[in-house]
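*Asks:* I have a structure here, written as C-alpha cells, and I will follow up with some questions on it.
Here, each number is a calculation from the coordinates, and none is a lab measurement. In this text the structure is predicted, and so the values were computed from the model without any measurement. Note: ideal-geometry Cβ built from the backbone for every residue, glycine included; neighbour counts use all protein chains shown.
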Amino acid sequence: MPLPHHVAIIMDGNGRWASRRGLPRAAGHRAGAKKVREVIECASETGVEVLTLFAFSSENWNRPSAEVRLLMDLLRRTIRREVNALHANKVRMHFVGDRSRFSAALSRDMAAAEQQTAGNNGLKLIVAVDYGGRWDIVQAARRLADDCVAGRRNPADIDESMLAEYTSLAGFRQPDLFVRTGGERRISNFLLWDLAYSELHFCDVLWPDFDAASFRDSLTWYEQRDRRFGGLPSAARG
Ligand code: IPE
Ligand code: IPE
Ligand code: MG
C-alpha cells in the first residue's frame, strides 16, 4: 500500500491532557498548538501531499465564551508564529470553513498566510476552522443552486463530481487516511462528503502527546489496509 496522498486529522484531547496534569484547559490548547509544527514537518518529510487539520468545528462555538476567545486568539498567534517557517518549507496554506464569525484581524491573518504561501509547491496544508461537514454540503448546494438560477448550470446535469466542485475541498484529492486522536470514535461533523471512502484510524493518544512517531504509526496502520471501494479483496483480484 503506498503512502496516503491526503491525511485528515481531528486534533482532539487537549482538554483531557490538561486535566490529567491538574492544569486549566487553556494549557492543553497551548500544548496542542505547539505540536502542530512537528506533525506538519513529518507529513512534509514523508511525502504526504495534502494534510488537513481540524482546528475548530461549527459546534465548538457551544463552548464557554472564554475558551472560544482563547482558541481564536491561539489560532491567530499560531498562524503568525508559524507562517514564515511554513513558507520556508514550501508549504501552501489554505483555510476552509465559514469565516463570517471571525474577527477582522483573524480573517486578515488567514488571507495573508494564504497569499504569502500561494506560490509554494510543497505540502498543501488545509486548516479547517469554523468548519462543519453539514455546513460544507449546505454551502455547496446553495452555490450550485445560485448557478442553476443564473443559468450557468443545468439541474439535470448535477452529479457527484459537479456537487464536489462546490465543496470546500474541491480540487484536492479525497482524504485516504483519517486520524482522530484522543480516543473518541466519531467524526464530529468533520469532512462528511470527503470521508466517504477514507480509512478511519482512531488513536488513543491525546493531541498534545501526538508526535512524528505517532504520525508514522498511523501511516504504518494505513499501509496494512486493503482498500476495496466496493470491489473484491486484493488477494481475490489477482
Ligand atoms: C481539541 O481538544 C481542541 C478543539 C476542539 C478546539 P478538546 O478541547 O476537544 O479536548 P478534550 O476533548 O476536551 O480533551
Ligand atoms: C472535534 O473535537 C473538533 C476539533 C478537534 C476541532 P470536539 O472535541 O469538539 O468533538 P466532540 O465534542 O467530542 O464530538
Ligand atoms: Mg474534544
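*Asks:* Restricting to the range 34-56, name every residue that is of a type outside the set (K, R), buried (at least 19 other Cβ atoms within 10 Å of the Cβ) and in a helix (DSSP H, G or I).
*Replies:* V36, V39, I40, A43
*Asks:* Of all residues being hydrophobic (A, V, I, L, M, F, W, C) and under 16 Å from the mean Cα position of the chain (by Cα) in the range 6-32, which is farthest from ligand 2 (Cβ to nearest atom)? Just the residue, please.
*Replies:* Quick first cut of the range 6-32, residues hydrophobic (A, V, I, L, M, F, W, C) only: 7-11, 17-18, 23, 26-27, 31.
Checking the rest, the ones that are also under 16 Å from the mean Cα position of the chain (by Cα) come to 7-11.
Values: V7: 15, A8: 11, I9: 9, I10: 5, M11: 5 Å.
That would be V7.
*Asks:* Could you say which residue among E67, E59 is in a helix (DSSP H, G or I), exposed (fewer than 15 other Cβ atoms within 10 Å of the Cβ) and within 15 Å of ligand 2 (Cβ to nearest atom)?
*Replies:* Matching residue, one of E67, E59: E59.
*Asks:* While we're looking at this one, here's another question. How many residues are within 16 Å of ligand 1 (Cβ to nearest atom), of a type in the set (D, E, K, R) and surrounded by fewer than 17 Cβ atoms within 10 Å (Cβ to Cβ) if we restrict to the range 159-193?
*Replies:* Residues in the range 159-193 being within 16 Å of ligand 1 (Cβ to nearest atom), of a type in the set (D, E, K, R) and surrounded by fewer than 17 Cβ atoms within 10 Å (Cβ to Cβ): 3 in total.
*Asks:* Yes or no: A88 in contact with a Leu (Cβ under 9 Å, 6 or more places away or on another chain) and of a type in the set (G, A, S)? Steps first, please.
*Replies:* Values: in contact with a Leu (Cβ under 9 Å, 6 or more places away or on another chain): no; of a type in the set (G, A, S): yes.
No, not satisfied.
*Asks:* Taking the residues in the range 14-33 that are over 18 Å from N60 (Cα atoms) and outside any helix (DSSP H, G or I) as candidates, determine which candidate is farthest from ligand 1 (Cβ to nearest atom).
*Replies:* Top of the filtered list is G22.
*Asks:* Quick one: which of S188, S198 is touching a strand residue (DSSP E or B) at 6+ places or on another chain (Cβ under 9 Å) and at positive phi? Step through it out loud before you land on a result.
*Replies:* Values: S198 fails: at positive phi.
S188 is the lone residue from the list that is touching a strand residue (DSSP E or B) at 6+ places or on another chain (Cβ under 9 Å) and at positive phi.
*Asks:* Which one of the conditions (1) touching a helix residue (DSSP H, G or I) at 6+ places or on another chain (Cβ under 8 Å); (2) in contact (Cβ under 8 Å) with a residue 60 or more places away in the chain does I126 fail to meet, given that it meets all the rest?
*Replies:* It fails just one condition, (1).
*Asks:* Out of curiosity, is R108 among the charged types (D, E, K, R) and more than 26 Å from V91 (Cα to Cα)?
*Replies:* no
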